[in-house]
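Novice: Pasting a structure below so you can have a look.
Nothing in this text is a laboratory measurement; each read-out follows from the coordinates by a stated rule. None of these values were measured; they are calculated from a predicted model. Glycine gets a Cβ as well: all are built from the backbone with ideal geometry, and neighbour counts include every protein chain shown.
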Amino acid sequence: DSGVTQTPKHLITATGQRVTLRCSPRSGDLSVYWYQQSLDQGLQFLIQYYNGEERAKGNILERFSAQQFPDLHSELNLSSLELGDSALYFCASSANPRGGEKLFFGSGTQLSVL
Amino acid sequence: DAKTTQPPSMDCAEGRAANLPCNHSTISGNEYVYWYRQIHSQGPQYIIHGLKNNETNEMASLIITEDRKSSTLILPHATLRDTAVYYCIVRVAKRDDKIIFGKGTRLHILP
């Protein structure tokens, strides 16, 4: 158990809908990272937050947004969903974003857009 | 961050040492080498990291060449549970950090 909690584990929805994925980092970790992994694809970095502030951004679509709350949990909002958004979404946390830190990953949310 | 090159796949017999190579010829002096693995559809798991010196922990050993342009992850006694995709990542130590995973090496442990 990595200590990172992601909910829900599975999500099935329809095209055009909006969903929210939730991530609770390990106790005391200030940094949260979001990744997308499509079938047979690598891990695509989406966005990183550190103590409530956005720190780094990857190829995150404009239809996607995220935030980190004062209690350090994070949410990834996906809107106007398309079939191609079906993927595993992982959240990871680390104590701080500097080098020398390990990432701890959650077990992911499997999103299926029908 | 420096780019890494890994073989797409490797086989290893159960009980033998699995040696996974990674090339990072453009690595900078302040970049660490990290290894993670992902067992089918699970969240990636941290294995080990190093800067210059060789490192060992309960999971694996990391051998970094003197010029730091390549490294090898060693799983000393591979088991079937070590079948996974192994990612080698080079990270620079800075606050704004895109941690990019490449395609990794798919390691098959053969019974």
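Novice: Evaluate peptide B:45-52: per residue, the Cβ atoms of other protein chains within 10 Å of its Cβ; return the mean as an integer.
Specialist: For peptide B:45-52, the averaged partner shielding equals 3.
Novice: What does the average come to when, for each residue of peptide A:50-56, you count the partner chain Cβ atoms lying within 10 Å of its Cβ?
Specialist: Numbers: counts 3, 0, 0, 0, 1, 5, 6.
The shielding value for this peptide is 2.
Novice: While we're here: Rounded to the nearest 0.05, what FRET efficiency do A:SER80 and A:ASN51 have when you use their Cβ-Cβ distance and R0 = 35 Å?
Specialist: Result of the calculation: an efficiency of 0.75.
Novice: Something else about it: Can you give the net charge of the other residues whose Cβ lies under 11 Å from the Cβ of B:HIS108, counting K and R as +1 and D and E as -1? Don't jump to the answer; show the numbers that get you there.
Specialist: Numbers: positive: B:ARG106; negative: B:ASP11, B:GLU14, B:ASP82.
Counting the neighbours of B:HIS108, the net charge comes to -2.
Novice: Can you pull the one-decimal nm distance between simple spin-label points at B:ALA13 and B:LYS103, each 7 Å off the Cα toward Cβ?
Specialist: My value for the distance between the label points is 2.9 nm.
Novice: Along the Cα→Cβ direction, 7 angstrom out, place labels at B:THR79 and B:LEU51. What is the inter-label distance in nm?
Specialist: 3.3
Novice: Taking the Cα centre of the stretch B:46-106 as origin and charging only Cβ (+1 Lys, Arg; -1 Asp, Glu), how large is the dipole, in debye to the nearest 20?
Specialist: For the stretch B:46-106, the charge dipole is close to 300 debye.
Novice: Right, something else. At q = 0.09, 0.11, 0.18 Å⁻¹, what log₁₀ I(q)/I(0) does a Debye calculation on the Cα points of the protein assembly as shown give, no solvent, two decimals?
Specialist: Cα-only, vacuum Debye calculation for the protein assembly as shown: -0.37, -0.55, -1.31.
Novice: Something else: Taking the Cα centre of chain B as origin, sum charge times position over the Cβ atoms of Lys and Arg (+1) and Asp and Glu (-1), and report the length of that vector in debye to the nearest 20.
Specialist: Working: 13 positive and 11 negative charges, 55 e Å.
Roughly 260 debye for chain B.
Novice: Here is a follow-up. Among B:TYR46, A:LEU111, A:SER24, which residue has its Cα positioned farthest towards the positive end of the charge dipole of the protein assembly as shown, with +1 placed on the Cβ of Lys and Arg, -1 on the Cβ of Asp and Glu, and the dipole taken about the Cα centre?
Specialist: Toward the positive end, the furthest listed residue is B:TYR46.
Novice: Shifting gears a bit: Taking 8 Å as the Cα distance limit and 6 or more residues as the minimum spacing, I'd like the relative contact order of chain A as a percentage.
Specialist: Working: 293 pairs, mean separation 42.7, N = 114.
Answer for chain A is 37 percent.
Novice: Kirkwood hydrodynamic radius for chain B: how many Å is it when counted over pairs of different Cα atoms? Don't skip to the answer; put the middle values down first.
Specialist: Numbers: mean 1/r = 0.0713 Å⁻¹.
When all Cα pairs of chain B are included, the Kirkwood radius is 14.0 Å.
Novice: Okay, moving on. Could you give the nm distance between label points at B:SER28 and A:THR7, where each point is 7 Å from its Cα heading toward the beta carbon?
Specialist: Using points 7 Å along Cα→Cβ, the separation is 4.1 nm.
Novice: Expressed as a fraction of 2.2 N^0.38 Å, the rule-of-thumb size for a compact globular protein of N residues, what is the C-alpha radius of gyration of chain A?
Specialist: Numbers: Rg = 13.2 Å, N = 114, 2.2 N^0.38 = 13.3 Å.
Compared with the compact-globule rule of thumb, chain A sits at 1.00.
Novice: Distance from a point 7 Å along Cα→Cβ of A:LEU114 to each backbone N in the stretch A:55-80: keep the residues under 19 Å and list them by number.
Specialist: Only A:80 pass the distance filter.
Novice: Ok, one more. Would you give the gap between the C-alpha center of the stretch B:61-111 and the C-alpha center of the stretch A:21-85, rounded to a whole Å?
Specialist: 24
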